[in-house]
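Undergrad: Sharing a structure, written as structure tokens. Questions coming.
The values are calculated or read from the model by the stated rules, or taken from the named source; none is laboratory data. It should be emphasised that the depicted structure is a prediction, and the values quoted were computed from it without experimental measurement. Note that each Cβ is placed from the backbone with ideal geometry, even for glycine, and that neighbours are counted across all protein chains shown.
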Amino acid sequence: MSRLQTVRMKPNPAGKDRSRYGASAAQLAAEWVDIKNVSGGAVDLTGVRLCHIAYSNAHPNGRWEQIIAFTGTLQPGQVIRVHAGSRANESQIRYEDLVGADFHLFSGRDEYVWNNDRGDCSSLWTASGDQPFDKACYASPPAEGAILTRVGDALVEATHASASARR
Ligand SMILES: [Ca+2]
């Protein structure tokens with residue numbers, strides 16, 4: 001098990017996620033993923049990269065695209081939340097998008113990150129790795145406004161999490 005894991009995600013915030021244009025800072029910040037240090041020791045984040053699957057005309061089958069690269073150290077149990085969009089004042093971010101994380105980082109691009117019309121995977125890579133050391137995926141379409149939680153290697157709605165965990 002990786003010491004650093006994707007544990008939670010809100011890939012399809014309620015409201016304006018359909019348009020890639022004209023979203024407010026609060027709307028963009030409402031799309032996020034949580035990365036947690038699930039180990040008992042500090043984790044050096046130097047060189048660790050967060051990626052998702054991007055589809056384009058040039059890459060119709062999808063390819064890994066970097067969202068952000070981390071620096072610094074994450075203490076045991078601490079959570080980094082990576083929001084879509086440029087850095088916003090915390091006053092611009094809704095309460096439910098602030099709680100539950102120790103640090104708030106931003107993709108730096110004024111567009112949504114996580115796919116709605118296709119599934120997607122949050123993956124974590126070392127600087128030199130050619131495979132992710134952690135990967136968690138969801139199916140399309142993610143329910144609007146739902147916060148997905150990690151069960152095995154999947155990100156699922158909380159109402160489904162207990163059923164999946166029993167399998
Ligand atoms: Ca989305």
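Undergrad: Can you name the residue in the stretch 28-51 that is within 14 Å of Phe133 (Cα to Cα) and in contact with a Phe, Trp or Tyr (Cβ under 7 Å, 6 or more places away or on another chain) and is also nearest to the ligand (Cβ to nearest atom) among such residues?
TA: Here the residue is Cys51.
Undergrad: Let me ask another. If you go through the stretch 118-146, how many residues are in contact with a Phe, Trp or Tyr (Cβ under 9 Å, 6 or more places away or on another chain) and either loosely packed, with under 13 Cβ neighbours inside 10 Å or assigned to a loop (DSSP other than H, G, I, E, B) (or both)?
TA: 7
Undergrad: Could you identify the single residue in Ser128, Ser123 that is among the polar types (S, T, N, Q) and within 12 Å of the chain's Cα centre (by Cα)?
TA: After ruling out the rest, the residue left standing is Ser123.
Undergrad: Could you say which residue among Ala30, Ala58 is surrounded by 22 or more Cβ atoms within 10 Å (Cβ to Cβ) and either farther than 16 Å from Pro76 by Cα or under 17 Å from the mean Cα position of the chain (by Cα) (or both)?
TA: That would be Ala30, the only listed residue that is surrounded by 22 or more Cβ atoms within 10 Å (Cβ to Cβ) and either farther than 16 Å from Pro76 by Cα or under 17 Å from the mean Cα position of the chain (by Cα) (or both).
Undergrad: Turning to a different aspect of this structure: Please go through the stretch 55-90 and pick out each residue that is outside any loop (DSSP other than H, G, I, E, B) and either at pLDDT below 95 or touching a helix residue (DSSP H, G or I) at 6+ places or on another chain (Cβ under 6 Å) (or both).
TA: His83, Glu90
Undergrad: Would you point out which residue out of Ala136, Ala143, Ala154 is closer than 14 Å to Ile35 by Cβ, touching a strand residue (DSSP E or B) at 6+ places or on another chain (Cβ under 8 Å), modelled with pLDDT of 90 or more and of a type outside the set (D, E, K, R)?
TA: From the options Ala136, Ala143, Ala154, the qualifying one is Ala136.
Undergrad: Just one of (1) free of Cβ contacts under 8 Å to residues at least 60 places away in the same chain; (2) surrounded by 13 or more Cβ atoms within 10 Å (Cβ to Cβ); (3) within 16 Å of the ligand (Cβ to nearest atom) trips up Asp102, so point out which.
TA: Unmet condition: (3).
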